[in-house]
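Enquirer: Attaching a single structure in structure tokens format; questions to follow.
We did not get these values from a lab; they are worked out from the coordinates using the rules stated. Worth saying up front: this structure is predicted, and the values here are computed from it rather than measured. All Cβ positions, glycine included, derive from the backbone under ideal geometry; neighbour counts span all protein chains shown.
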Amino acid sequence: MKRRTSKGISNLEVLVAATLVLAAIGVLGTIAPRLGNLWKMSRNHQLAAHELANQLEQLTLMSDAQRTQAFEKLQVSSELSASLPNAVLRHRLIDDEHGRRIVLSLVWDQIAGAKPISLVGWLPAQGSPDGKTETADLEVAP
């Protein structure tokens with residue numbers, strides 16, 4: 001007995017497989033640019049966070065007089081300005097009931113208009129020349 005081969009089913013399987021491959025290529029084609037932008041955005045955020053951490057570490061270790069002079073000269077490093085377009089470093093010195101702190105923010109032309117990155121560094125109390133603050137022991141009643 002001869003076996004009959006059904007060529008129609010094989011052609012249908014090839015057509016379905018080709019359709020699935022084309023659909024997968026179409027989806028990957030739309031996702032690839034977005035993934036590239038996301039990768040670039042996360043790299044830029046990481047660079048900005050490192051820059052802020054370095055600047056903040058230097059500022060928190062300075063005396064008040066040195067810090068005032070450093071604020072006047074505060075700018076983005078040349079390496080970062082080459083990577084981030086129109087990068088601007090901003091600072092605020094806050095002294096309130098929560099303590100003294102420096103808030104550094106970095107703003108640049110971002111891909112998706114994301115928010116700028118900010119870091120906060122706490123400073124020693126102003127009245128303490130060595131940077132140490134006095135603490136009081138508290139008793140808790142049972």
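Enquirer: If amide H atoms are built 1.01 Å from N in the plane of the peptide, which residues on other chains or at least 5 residues away come under 5 Å of the amide H of Val76?
Expert: Long-range HN contacts for Val76: Leu89.
Enquirer: Shifting gears a bit: Extending each Cα 7 Å along its Cβ direction at Leu93 and Val14, get the distance between those two points in nm, one decimal.
Expert: 7.8
Enquirer: So for the pair Asn86, Ile31, with labels modelled 7 Å out along Cα→Cβ, what separation do we get in nm?
Expert: 3.3
Enquirer: Hey, what do the phi angles of segment 65-77 turn into as Karplus ³J(HN,Hα) couplings, whole Hz, using 6.51/-1.76/1.60 and θ = phi - 60°, x for Gly and Pro?
Expert: 5, 5, 5, 4, 5, 5, 4, 5, 9, 5, 8, 6, 5
Enquirer: At 7 Å along Cα-to-Cβ for each site, give me the label-to-label distance between Thr60 and Lys115 in nm.
Expert: 2.1
Enquirer: With r as the distance between the Cβ atoms of Leu74 and Gln46 and R0 = 25 Å, compute the FRET efficiency 1/(1 + (r/R0)^6) and round to 0.05.
Expert: Working: r = 21 Å, r/R0 = 0.83.
The computed FRET efficiency comes out at 0.75.
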